[in-house]
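One structure is given below, encoded as structure tokens.
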């Protein structure tokens with residue numbers, strides 16, 4: 001099992017550009033999450049999903065959109081990137097015990 | 001509002017030393033998870049503690065859950081450079097939906 005995978009691993013965007021981050025899990029987990037991690041701010045939840053076809057806002061959803069068309073995939077979109085979105089993005093999944101399994105992260109720089 | 005406080009924020013020690021890091025809550029934990037995040041990687045679950053007074057061991061790591069379930073500690077014996085990383089605690093959000101409340105973590109550096 002690959003667990004949770006994220007693509008791409010690194011990306012540099014210019015302000016105003018758009019991109020999509022892909023998260024895939026092969027553990028048949030119902031729940032999936034997108035976090036961003038910034039120095040001194042910890043892990044902050046952007047959006048999450050409690051099942052295929054569902055999404056919900058987390059703590060810091062502004063400027064991001066998500067989709068969960070297939071159970072194994074959770075996409076995070078930035079429609080118009082801003083320098084404030086420079087961060088490390090983590091995807092995670094979980095099943096029934098609240099314990100979350102994380103991907104390796106995507107390091108995004110917006111110039 | 002649930003709040004998780006971790007201390008110390010930073011810790012730099014020499015190989016072979018012992019250390020303890022702490023996680024405290026403003027309310028009673030339903031359960032508590034400890035994760036380790038190595039540099040450049042995502043967090044990895046180490047252990048979940050559920051019962052007040054519970055002690056769990058993972059090789060040189062000892063996790064303790066306070067009797068009142070409002071605090072937890074992680075003790076590392078004879079730290080090694082491979083223990084370097086960010087140690088995070090997390091508890092389930094009382095509002096459900098499988099969300100976790102995260103502490104800011106303790107950043108540990110073990111120097112050879």
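Coordinate-derived values only; no laboratory data. Quick caveat, the model's predicted, so the values are computed rather than measured. No Cβ is skipped: glycine too gets one built from the backbone with ideal geometry, and neighbour counts run over all protein chains shown.
A Förster radius of 35 Å combined with the Cβ-Cβ distance from residue A:27 to residue B:77 puts the calculated FRET efficiency at roughly 0.60.
How high is the relative contact order of chain B, given as a whole-number percent (alpha carbon pairs under 8 Å, six or more residues apart)? Normalised by residue count, the contact order of chain B is 36 percent. Taking other C-beta atoms within 10 Å as the exposure proxy, B:58, B:74, B:19 rank B:58, B:19, B:74 from fewest upward.
Inter-label distance, residue A:14 to residue A:2: 3.1 nm, where each label sits 7 Å from its Cα along the C-beta direction. Per residue of peptide B:37-44, the mean number of Cβ atoms on other chains within 10 Å of the residue Cβ is 5. For a paramagnetic label modelled on residue B:59 (point 7 Å from Cα along Cα→Cβ), amide N atoms under 20 Å away belong, within region B:75-112, to B:75-89, B:106-112.
Averaged across the residues of A:33-40, what count of C-beta atoms belonging to other chains lies within 10 Å of each residue's C-beta? Please list the in-between numbers first.
Numbers: counts 3, 0, 4, 0, 6, 0, 0, 2.
Taking all residues of A:33-40 together, the mean is 2.
Treating r as the C-beta distance of residue B:18 and residue B:38 and R0 as 22 Å, the FRET efficiency rounds to 0.60. Remark: mean inter-chain Cβ contacts per residue of A:95-102 equal 6, using a 10 Å Cβ-Cβ cutoff to other protein chain atoms. Residue order for A:27, A:32, fewest other beta carbons within 10 angstrom first, comes to A:27, A:32. Mean separation of Cα pairs under 8 Å and 6 or more residues apart, divided by the residue count, gives chain A a relative contact order of 36 percent. The modelled label-to-label distance between residue B:109 and residue B:67, using points 7 Å beyond Cα along the C-beta direction, is 3.9 nm.
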